[in-house]
Amino acid sequence: MTAHPILETERLNLRVPEMGDYAVYEAILLADAVGHLGGPFTPEDTWDEFCMMRGRWALRGTGQFAVCLKDGPLIGFCGVDKERGDPADELGFFLLPAWHKQGYGYEAALAARAFAHESLGIHQLISCVSNDNVASVALVRKLGAVADPSLYSADMGDVTIFRHPAPEAV
């Protein structure tokens, strides 16, 4: 069995999610009334999504990491995943609201992107962001991603797809 990766940053540890992380995952998804994460979700939906997220680690060796403060609580999730229908591997992130606007999303996204480039050999990354999610649009732009209309299809809804810089450009 392959050991699961653990990423460390200055303030964070990113690890593969565990069963005990479900309550935080559920809280984040149930709060998604405006649909930034694909919601609104029911409790049954959150369980299905959590199991699929965890299963992708077993099937693909990648997925969302649990984002924890060093020696502290779980604050959200961030990682690289490719769901059915995605035009490329997607860098995604979602944190509990109490941890927004403190640079944690940026720090976690940088680590997850570096992992995708360096350890997984994934060179094309995108982020699909709801157009009304101003904070996430700002974050992907801060990461150097640019809107790429060529990757959009109408069935994706009201989103913009951002292409992240290639590994040699970061």
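The values are calculated or read from the model by the stated rules, or taken from the named source; none is laboratory data. Worth saying up front: this structure is predicted, and the values here are computed from it rather than measured. Here the Cβ positions follow ideal geometry from the backbone for every residue, glycine too, while neighbour counts run over all protein chains shown. Surface areas here come from the heavy atoms of the whole protein model, side chains and all, with no ligands, DNA or RNA. Shrake-Rupley method; radii C 1.70, N 1.55, O 1.52, S 1.80 Å.
Numerical summary
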read-out	value
Shape call, the chain: gyration tensor on alpha carbons, a/c limit 1.5	rounded
Protein accessible area in the stretch 29-170, 1.4 Å probe - carbon and sulfur %	55 percent
Value at 222 nm in deg cm²/dmol, rounded to 500, when DSSP H runs of n ≥ 4 in the chain each add -39,500 (n - 2.57)	-9500 deg cm²/dmol
Using a Förster distance of 35 Å, the FRET efficiency for Ala3-Ser150 (Cβ separation, nearest 0.05)	0.40
Accessible surface, the chain, averaged per residue in Å² (probe 1.4 Å)	52 Å²
Where Leu59, Leu96 fall by accessible area, highest first, once all protein chains stay in place (1.4 Å)	Leu59, Leu96
The stretch 5-86: C-alpha gyration tensor shape, a/c 1.5 cut-off, then a/b vs b/c	oblate
Estimated distance in nm for a label pair at Glu83 and Trp47, the labels positioned 7 Å out from Cα along Cα-to-Cβ	2.0 nm
In Hz, Karplus ³J(HN,Hα) per residue of the stretch 70-76 (6.51, -1.76, 1.60; θ = phi - 60°; x = Gly, Pro)	4, 6, x, x, 6, 10, x
